[in-house]
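Engineer: Below is a structure I'd like to ask you about.
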Amino acid sequence: MPLSKPSRGEHDAPRTSEPTGQQHLYLIFDDWEFGYSIRKLNLSNAGAEQRRLPPPFIRLEATRGCPEFFAAVGTKILATHPRFDFGDAVPGGILPIIDVRSRGVHFAPGELYPQHPIYLPVGNEEIFALDMDTFKMLSMKPLWPPRLEFEYRHQISEWSWRNLPTPTFNRMDVTSYAVDSDGRTILASTAAATFAFDPKRYEWEKRVEWSLPFSGRANFVHGLDVFVGLPKDVDAFGHLCFCRWLGDDKHDVWFSKENLSSKDPAENHVGTTLVYLGESRFCLVECISNGDAKAVHKWLEEWEELHQTEKWEACPGSSRCRLTTFSLSFDMTGDLTAAETAVQCYEVPMEASYNVNPVAFWL
């Protein structure tokens, strides 16, 4: 069954519940003793000079060094880190949910010991979690009438994770993932095939015998009729990767001409995240270190073992976060090109540990 594909030039599909208010980029660092700071950035303030990050929008206590446990859907940031288990009352503990518009904090039942979760929002009210031997969905649809129920002082809310059929592939074999052009179907690729989950029929099926060419998450851009993401091919580092479905078992893959990454040979690249801003606009978020290359490499080797112990130390040397915003469009020759490029640079707090990829959400 082929992936659905609209014609070129179609506008981004309408959302069922569009967030109101101006959107911002939210960066998350584990830069304080007890957990993470969430910082709110305005991407319209472009400038070449390096700046200090704004004060924390909010701080959240959670296990440091685990950025993969953050997710976002609609106007909400979820911190799914393992927490205190309330036994039969709230299996898996509680899930703090921060609404960036209201600055309110809600609570829902947490997951039971997440290990290596992949989170994919579908629309603005549902988030899916693919983990080791589990596949779940949390609906964020408003309760009606809105309330928090405390039966016998145990039940936190009516929100709950719903167990879904687990896929036939192994979570640790997943190399890339995306939401298809219909805005509902979840795609997950291993090295040899791409699978699809239909949220209406609650079924997984193998779609094609090839893998999406991305590293991590990709986004479908309706106005360009392509999937866009970071390339799996290490030789294409710094370039964007594009993939178009051609029907049947055919697809086309190519890369951007522009290298959007930092090109300073004195800098050590730590991690990159590509954030979709809508309307064919993106932000490339890079964490870069100016420290001694050997010292940084040694620190990275020891980080996994020491980051949760008293021997943990921040990475040697200064580091910064480089934000490159741009718009994608077709040029006169039919190639996709990055235009309207703007760059912002921010100091990364010395207390922050290195993340494999920076945590950033556009909400």
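The values are calculated or read from the model by the stated rules, or taken from the named source; none is laboratory data. Everything quoted here is computed from the prediction, not taken from an experiment. Neighbour counts are summed over all protein chains in view; Cβ atoms, including those assigned to glycine, are modelled from backbone coordinates with ideal geometry. Just so you know, the surface numbers come from the protein's heavy atoms only, side chains and all, with ligands and any DNA or RNA stripped out. Shrake-Rupley method; radii C 1.70, N 1.55, O 1.52, S 1.80 Å.
Engineer: Restricting to segment 24-60, give me the number of residues that are open to solvent by less than 50 Å² (accessible area, probe 1.4 Å), assigned to a loop (DSSP other than H, G, I, E, B) and among the acidic types (D, E).
Structural biologist: Going through segment 24-60 one residue at a time, the tally reaches 0.
Engineer: Can you name the residue in segment 244-267 that is of a type in the set (A, V, I, L, M, F, W, C) and closer than 19 Å to F330 by Cα and is also modelled with the lowest pLDDT among such residues?
Structural biologist: L246
Engineer: I've got another one for you. Taking the condition of being open to solvent by 10 Å² or more (accessible area, probe 1.4 Å) and on the phi < 0 side of the Ramachandran plot, how many residues in segment 70-79 meet it?
Structural biologist: 4
Engineer: Okay, next question. Just name the residue that is most open to solvent (accessible area, probe 1.4 Å) out of those in segment 332-353 that are of a type outside the set (D, E), under 22 Å from L224 (Cβ atoms) and not in a loop (DSSP other than H, G, I, E, B).
Structural biologist: T341
Engineer: Still on this structure, please answer the following. G21 fails exactly one of the following numbered conditions: (1) surrounded by fewer than 17 Cβ atoms within 10 Å (Cβ to Cβ); (2) on the phi < 0 side of the Ramachandran plot; (3) modelled with pLDDT of 50 or more; (4) more than 19 Å from the chain's Cα centre (by Cα). What is the number of that condition?
Structural biologist: Here G21 clears every test but (2).
Engineer: Also, I was wondering about something else. Select from segment 221-238 the residues that are touching a residue at least 40 places away in the same chain (Cβ under 8 Å) and either in contact with a Leu (Cβ under 9 Å, 6 or more places away or on another chain) or of a type in the set (D, E, K, R) (or both) and list them in ascending order. Steps first, please.
Structural biologist: Our first condition is that a residue be touching a residue at least 40 places away in the same chain (Cβ under 8 Å); within segment 221-238, this holds for 221-230, 232.
Residues satisfying the conditions are V221, G223, L224, D225, V226, F227, V228, G229, L230, K232.
Engineer: Residue pairs, Cβ under 9 Å, 6 or more apart or interchain, first in segment 116-128 and over 10 Å from S139 (Cβ atoms) and touching a residue at least 40 places away in the same chain (Cβ under 8 Å), second outside any strand (DSSP E or B) and of a type in the set (F, W, Y). List them.
Structural biologist: Sorted first by the residue in segment 116-128, then by its partner, the pairs are P117/F69; Y119/F69.
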